[in-house]
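**Q** One structure coming up, written as structure tokens, with questions to follow.
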Amino acid sequence: MYISVMKIIKTSNAILSRNVNNIVCLKFPNKTTHSLKAMKEHLKAVNDLDQSNSGVLLLVYMANLVGVSKESRTMVSNIEMTKAHKAVAMIVSNPLTKLIASFFLGLNKPNFPIQSFTSKDEAVAWLLKQS
């Protein structure tokens, strides 16, 4: 699948980009933990990439994410995060990222659809159905 990137934003621990399908992709270039500071940067970047101002479809590549702080997990359910996201698909590629995604989904109940996938194509197809 060919995906052209339209805009890129770098935060302290991630790179976010919007593609031609208006899906925002979030990648962690290095091993990292998602702290409250990083989550706030994530929210600002998502809002900056939101062309419709009605929330984004977010594709998160979980590789290199080794942890998520309690404060950032709590932030996922707040009203600002809910407004910023139409749906989130997480791509899990190894046992650690599967564990983090399962833990995240089990403890946190965001007010937007969120699912984990092992296939990028399945994740993108699911996201496009959520728009």
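The values are calculated or read from the model by the stated rules, or taken from the named source; none is laboratory data. Given the structure is predicted, the values throughout are model-derived calculations rather than measurements. Here Cβ is always computed from backbone atoms with ideal geometry, including for glycine, and neighbour counts include all displayed protein chains.
**Q** Tell me, which residue of region 73-114 that is hydroxyl-bearing (Ser, Thr, Tyr) and surrounded by fewer than 20 Cβ atoms within 10 Å (Cβ to Cβ) is modelled with the highest pLDDT?
**A** Thr82
**Q** For a quick check of your reading: which strands (runs of 3 or more DSSP E) sit entirely within region 26-72 and have at least 1 residues that are touching a residue at least 40 places away in the same chain (Cβ under 8 Å)?
**A** Because the criterion is at least 1 residues that are touching a residue at least 40 places away in the same chain (Cβ under 8 Å), the strands (runs of 3 or more DSSP E) in region 26-72 that meet it are 56-61.
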